Structures are given as structure tokens and as C-alpha cells.
1. What is the range 1-66 by shape, rounded, prolate or oblate, if you read a ≥ b ≥ c off the alpha carbon gyration tensor as root eigenvalues and call it rounded for a/c under 1.5, prolate for a/b larger than b/c, and oblate otherwise?
2. P(r) of the range 1-142 in 5 Å steps, Cα pairs, percent per bin?
3. Can you pick out the pairs among K75/K102; K75/K128; K18/K201; K127/K167 whose Cα atoms lie more than 23 Å from each other?
4. When the chain is fully extended, how far beyond the present Cα-Cα distance does T138 get from I158, taking 0.36 nm per residue of separation?
5. For R4, which sequence-distant residues (separation of 5 or more, or a different chain) have an amide H within less than 5 Å of its own amide H, given hydrogens modelled in the peptide plane?
6. Please work out the average accessible area per residue across the chain, using the 1.4 Å probe convention, and give it in Å².
7. Within the chain, which is the longest segment containing none of the chymotrypsin sites (Phe, Trp or Tyr not before Pro) that sit in a DSSP loop and have at most 16 other Cβ atoms within 10 Å?
8. Given the C-alpha centroids of the range 168-220 and the range 1-41, what is the distance between them in whole angstrom?
Amino acid sequence: MPYRRLPNTDQARVRALKAAVEKGEMYNVRDLAITLKTLFEARNFLHRFEAAQIYYTQCYDNQSRASHRHQMNVKTARLYISHFIQVFNLAVLRDEIKVEHKQLYGLPVSNTVPDLVSESSLVEWGKKIIEGEQLRTTQGGIPIYNPTIARVKVYYDIFLDSYERQKNYQALTNRSLDELASMRDRADELILDIWNQVEAKYQDVTPNDIRLEKCRDYGLIYYYRSSEKIKEEKEISC
């Protein structure tokens with residue numbers, strides 16, 4: 001005998017609920033396999049659940065679309081910040097800038113480039129070198145060129161703006177996913193109740209294929225075990 005299995009994706013849950021609700025719109029009360037109370041609950045819940053699913057999909061799509069451009073901004077900002085620090089370190093090695101001025105930037109005494117892999121480190125070091133360079137030049141220091149701090153700041157500000165936007169997109173996506181996830185248990189309860197009522201309604205219908213077909217009309221999903229599939233294929237071939 002085939003066995004049924006509850007939907008395990010949100011799209012499948014929506015399809016299962018829609019199938020039952022649509023039957024409620026087609027049949028009169030006497031022919032309906034589920035109670036009016038269940039139909040009413042399913043219809044109201046489906047509206048909210050589908051809306052939550054659509055909203056999550058929109059949030060995720062917005063985040064994904066913005067992510068590509070954001071990664072380009074990350075790459076450019078990392079390039080300019082890293083390049084500026086390298087040029088600064090070379091100036092220190094040439095004694096054009098005093099070693100103690102590194103403190104203004106929060107840079108280590110060793111002529112190394114800090115780890116700029118994470119976006120949070122870019123936020124941190126971009127701010128440090130911009131403030132450090134501005135402070136040093138106001139004290140009479142010669143500005144770093146190629147790249148100038150003004151150019152670095154342009155790309156840093158672009159990155160910082162997209163960084164904040166991306167965090168907002170991620171927060172919206174996470175909240176919408178949490179809201180959707182919180183509704184799944186109720187969706188499964190409704191679907192299970194509907195399926196139980198439908199199977200009880202048609203339990204005496206024969207032959208079995210017709211009974212299964214009537215149940216499937218309400219969205220029930222049946223699966224055949226591997227041994228049953230092999231047996232069915234042999235019967236068809238004979």
C-alpha cells in the first residue's frame with residue numbers, strides 16, 4: 001500500500017492547503033470531505049501563510065540582487081585600503097614618515113597590512129586610516145599620494161553605505177524567515193487534520209485506485225515504496 005507523507009517545503013504546504021480550499025469552493029456542503037470549520041480555518045490561514053511566503057521570497061531576492069553589487073564595493077574598498085597602507089608603510093621605510101606616526105592610524109610597528117578579509121575589518125581599518133591621515137596632515141605631515149586619502153574615502157564611503165544596506169536586507173530576510181517558520185507547525189496541523197478527514201470520508205470507496213484518486217483531489221500526496229513500484233511495473237508489463 002502506498003503511504004502518505006506531509007509536505008516538507010513551504011511551496012508544497014501552500015499547494016496542499018490550496019487543493020483543499022479549492023474543493024471547498026467547488027463542492028456543496030454535503031459532498032465536501034472536510035468540515036466547514038476546517039475549511040474556514042484553512043482558507044484564512046492559507047491567506048496569511050502564502051503572504052508570509054511571498055514576503056520572505058521578496059526579501060531574499062532583494063538581498064541577493066544587492067549582494068552582487070555589494071561584493072564589488074567590498075573588493076574595491078579592500079583594494080584601496082590595502083594599497084594605501086602599503087604605500088604608507090613604504091613611506092615609513094624611506095623615512096619620509098616617522099614610525100611613531102603609525103600610532104595615529106592604529107597600525108602595528110611592523111610594516112604589515114592588517115587582516116582585511118572580513119567586512120567588519122574593512123569598516124574598522126577604513127575608519128582608522130582616514131582619521132589617521134587627516135590627523136597627521138593637519139599636524140603638518142605630507143599627504144600620501146597614489147592613492148590619496150580622498151580617493152580612498154570615496155570608495156570607503158560607497159562600501160560603508162552598501163554594507164549598512166546589506167545588513168538591513170539581511171535583517172529583513174531573517175525576520176521574514178522567522179515569521180514564516182513560526183507558521184509551519186500550524187500549517188502541518190491543518191494539513192494533517194484535512195488529510196485525516198478526507199481519508200475517513202473515502203475509506204470505504206473501492207477499488208483502492210479510485211479511493212486514492214479522490215484523496216489526491218484534496219491534495220493528499222502518496223508515495224510508493226521501492227518494492228511496490230517494482231511490483232506495479234511487472235503487472236503493467238504483463
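The values are calculated or read from the model by the stated rules, or taken from the named source; none is laboratory data. As the structure is a computational prediction, the values presented were derived from the model and not from experiment. Methodologically, a virtual Cβ is constructed for each residue, glycine included, from the backbone with ideal geometry; neighbour enumeration extends over all protein chains shown. Protein only, heavy atoms only, side chains kept; ligands, DNA and RNA dropped before computing areas. Shrake-Rupley method; radii C 1.70, N 1.55, O 1.52, S 1.80 Å.
1. Numbers: a/c = 3.63, a/b = 1.84, b/c = 1.98.
In terms of gyration-tensor shape, oblate.
2. Spelled out per bin, shortest first, that is 2, 8, 12, 11, 9, 6, 5, 5, 5, 5, 5, 6, 6, 5, 4, 3, 2, 1, 0.
3. Long pairs (Cα-Cα over 23 Å): K75/K102.
4. Roughly 4.7 nm would be gained on extension.
5. Here Y223 satisfy the definition.
6. With all protein chains present, the chain gives 61 Å² per residue.
7. 28-144
8. Spelled out, the Cα-based centre of one part sits 7 Å from the other.
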